[in-house]
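Visitor: Structure below; questions to follow.
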Amino acid sequence: MTAPRDRVAIVGAGIGGLAAATTLASAGMAVTVLEKEAAPGGKIRQIAFGNIGIDAGPTVFTMRWIFDEIAAAAGTVLDDLVTLRPATVLARHAWDDTGYLDLFADRDASAEAIRDFAGSREADGYRKFCEQAEQTYRTLERSFIRSNRPSPMTLVALAGVSGIADLWRISPFETLWAFLGRYFRDIRLRQLFGRYATYCGSSPFLAPATLMLIAHVEQTGVWLVEGGMHRLARAFAGLARSKSATILCNTNVAAIEADGDGVIGVRLDSGETIPAGTVIANADISALSSGRFGKAVGRAVPSVPFENRSLSAITVNSIADTGGFPLARHTVFFSGDYEAEFDALFGAGAIPQEPTIYVCAQDRDDTGARPGSGAERIFCLVNAPADGDRCLYGRREREKCESNLYRRLERCGLTLRTDPARTAITTPLEFHRLFPGTGGGLYGRASHGWSASFQRPTARTKIPGLYLAGGSVHPGAGVPMAALSGKMAAEAVLKDCGSMRRSSATATDGGMPTH
């Protein structure tokens, strides 16, 4: 028997799945979330050493309005779920051991810091860049980010006649790197703002200039989540449960089952079948297209060719003694040759010899202050190719990557003294195991070329009752975008189920369908 459409199974308890679960459960639907890992969160994960947990995924919280809206739909406010503190220092940036540049939430403070670091011309260029980034965000917020089914044509239609010039000014056909050259002569500043392309696993030399909007997103607010980013996932899991959603961890879905009329449920590894007339796949679309959830739904999404995969990463989580360089909460140590770095990643498919390294000192505030002294929680990340299904990343490769990372940090003045018993390394191989079908790619399809963003699937699929959420679908990668995708998937389900109910009621009355 076909299950009713308001019986919902969500595959994956990443932030997209949790957002969808909260929204649908708040609307009165029967929701079951099935998560193969031991805890909800997906990429918002922790690594624990005893009773000490370290964020091992996303570490930056932005675009809180998305979470405010999800919480409001559930009858609460975000500040009752998590404790947030606004950051004044967005990040610290270094290229060697001679100094550093802080970027601030306040635009004027950043401009003054850039003036001291690189001169008046660069500070003026920064102000103009910020104005363009804000304009780009305003242009794309309604026409793309919030759009359920964006396309070049709908983008133009939503912009209207008066907005055509704005669309042209956001330079969709120019690369981010080339565009930054209009504003910055100092190659270090082009690196700093070009790094925004890596937020969606892409190269600044191939990604479109529209990614400059991230600069505006950060200026509108970066927050520190008390207890770490994993607290956010736990909070929304708790909110979904309070609305009667069921969340089952350590529960692996073997297949999403469908017949000629659409999805009918999910089958677990145990052999148990959970009937559901609606299924939201909060997994990378490559897991679907590769057959990870069965042939019945493999045709629902396009495959992502190897050459179009986004970046993976090598991460090092440790309890470490630090010295030398004054870390802030978020610190980026840039390589000396950015172009060579991305040629290695996307050209040769290799880990750069001299990588850019992101360090999150999780016991510090945004300025670098921390309570007490001694060892602290450190998370390091370097970009890597998404080849976890092709490369074994054995002990020798892992030790070489770790050694290169520490040497690079030492050249910038930072020393890390780590204990192997309290150090965990994650490579593309482990990320591929965590997120099957991806090769360890963490952001879905790379955003290379002006049309790449339009190639991400949206919430609805061609299989009735099957919907998508997560960082590999529209509107894109990252915690807030993945949450928004879950919200969009839930809204599509509610609209479709409401339409079906109206149709059924009209037919009972003997009238014509009205949709």
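Visitor: Can you list residues whose amide H is under 5 Å from Phe61's amide H, if they're 5+ apart or on another chain and H is modeled 1.01 Å from N?
Guide: Trp223
Visitor: Under a point spin-label approximation (7 Å from Cα along Cα-to-Cβ), what is the Glu37-Asp321 distance to one decimal in nm?
Guide: The modelled label-to-label distance comes out at 3.2 nm.
Visitor: Determine the gain in length on full extension of the stretch Ser244-Thr415; use 0.36 nm per residue of separation and subtract their C-alpha separation, reporting nm with one decimal.
Guide: Result: 56.7 nm gained on full extension.
Visitor: Show that you can apply the helix-only estimate: for the chain, add -39,500 (n - 2.57) for every DSSP H stretch of four or more residues, divide by all residues, and state [θ] at 222 nm to the nearest 500.
Guide: Dividing the helical sum by the residues of the chain leaves -10000 deg cm²/dmol.
Visitor: For labels at Asn51 and Asp79 in the simple 7 Å Cα→Cβ model, what's the distance in nm?
Guide: Each label point lies 7 Å from its Cα, and together they span 3.1 nm.
Visitor: Please report, in cubic angstrom per residue, the volume enclosed by the convex hull of the alpha-carbon atoms of the stretch 1-111.
Guide: 178 Å³
Visitor: Separate question: Summing Lys, Arg as +1 and Asp, Glu as -1, what charge do residues with Cβ under 15 Å from the Cβ of Gly368 carry, Gly368 excluded?
Guide: For residues surrounding Gly368, the net value is +1.
Visitor: Distance from the Cα centre of the stretch 16-94 to that of the stretch 429-470, in angstrom?
Guide: 20 Å
Visitor: Solvent-accessible area per residue for the chain at a 1.4 Å probe radius, Å²?
Guide: 40 Å²
Visitor: For a distance above 45 Å, tell me the whole-number percent of Cα pairs in the chain that qualify.
Guide: Here the long-distance tail beyond 45 Å is 12 percent of all Cα pairs in the chain.
Visitor: List the longest stretch of the chain that has no exposed loop site; here a site is one of the GluC sites (Glu not before Pro) assigned by DSSP to anything other than H, G, I, E or B, with at most 14 other Cβ within 10 Å.
Guide: Formally, the longest exposed-site-free interval is 273-515.
Visitor: How big is the dipole moment of the chain about its Cα centre under a simple scheme where the beta carbon of each Lys and Arg is +1, that of each Asp and Glu is -1, and everything else is neutral? Debye, nearest 20, please.
Guide: It works out to roughly 880 debye.
Visitor: Over the stretch 367-434, calculate the relative contact order: mean separation of alpha carbon pairs under 8 Å at least 6 apart, over the residue count, as a percent.
Guide: In percent, rounded to a whole number, it is 51.
Visitor: What value does the stretch 401-463 have for Rg/Rh, both radii from Cα atoms and Rh as Kirkwood defines it?
Guide: My calculation of the ratio gives 1.18.
Visitor: Positive end of the charge dipole of the stretch 359-441 (Lys, Arg +1 and Asp, Glu -1 on Cβ, about the Cα centre): tell me which of Gly388, Thr415, Leu429 has its Cα farthest that way.
Guide: In the stretch 359-441, that residue is Thr415.
Visitor: Continuing with this model, one more query. Of all the accessible heavy-atom surface of the chain, with the other protein chains kept in place and a 1.4 Å probe, what percent is carbon and sulfur?
Guide: Using a 1.4 Å probe with all protein chains present, the chain comes out at 51 percent carbon and sulfur.
The values are calculated or read from the model by the stated rules, or taken from the named source; none is laboratory data. These figures come from a predicted structure and were not determined experimentally. Note: ideal-geometry Cβ built from the backbone for every residue, glycine included; neighbour counts use all protein chains shown. With ligands, DNA and RNA removed, areas are computed over all heavy atoms of the protein, side chains included. Shrake-Rupley method; radii C 1.70, N 1.55, O 1.52, S 1.80 Å.
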